[in-house]
Amino acid sequence: MNDQKKIVLAMLVISIFVLIVALSSFYVQIQIETGNICGCVIPIYLFIPLLASIGLFIGTMFYYLLSPKFEKIEKDVILNLFDSDEKIIVETLIKNHGKATQAKITKSTGLSKVKVHRVLERLENKNVISKKKERKVNIITLNKDLLRIF
């Protein structure tokens, strides 16, 4: 919902609240003038808390409609921080749930072994990935914080 529609909706909600308070006050005034204080549909001692509750509800709605939203960071925005080769490797790791062997990355990206090695070193220096050697295989793991975002 865009900002103009939110403002119009919030103003509509506030206007309805003011109308409810005005009509309720008018009703109570008529009941008091006719001497029928206890004959109201809503007794006077419940009227004030009722209007206060409605006011809190309206205020909450107003805050909800007009407060800034913390939107989820888009995957593309973060991926645009990387150069093209880094982006390909990070996307490959995301597809593999944050973990893959260096050989698998080389195979799935179509980049040369040397290119993948150099890009992985850059990503490791930036703390985007971690590299763990198990026997003759390098296991590449995406940073846990980045993985949570994706």
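Please treat every number below as a calculation from the coordinates, not as lab data. Quick caveat, the model's predicted, so the values are computed rather than measured. Glycine also receives a Cβ, built like all others from the backbone with ideal geometry; neighbour counts cover every protein chain displayed.
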Task: Two-site FRET efficiency, N2 against V137, from Cβ-Cβ distance with R₀ of 41 Å, rounded to 0.05 - done: 0.20
Task: Lys, Arg +1 and Asp, Glu -1 on Cβ, resulting dipole of the chain about Cα centre, debye, nearest 20 - done: 1600 debye
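Test of understanding: what is the full-extension gain from K115 to I48, defined as 0.36 nm times their sequence separation minus their Cα-Cα distance?
The span from K115 to I48 would gain 16.8 nm if fully extended.
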Open item on the list: Can you list the DSSP H helices in the chain whose Cα atoms extend at least 27 Å along the helix axis and whose mean Kyte-Doolittle hydropathy is 1.0 or higher?
Closed with: 3-33, 44-66
Open item on the list: How would H97, H117 line up from fewest to most surrounding beta-carbon atoms within 10 angstrom?
Closed with: H97, H117
- [ ] Would you calculate the separation in nanometres between label points at H97 and D83, each defined as 7 Å from the Cα along the Cα-to-beta-carbon direction?
- [x] 3.2 nm
Task: Helix-only [θ]222 nm of the chain, DSSP H runs n ≥ 4, -39500 (n - 2.57) each, per residue, nearest 500 - done: -21000 deg cm²/dmol
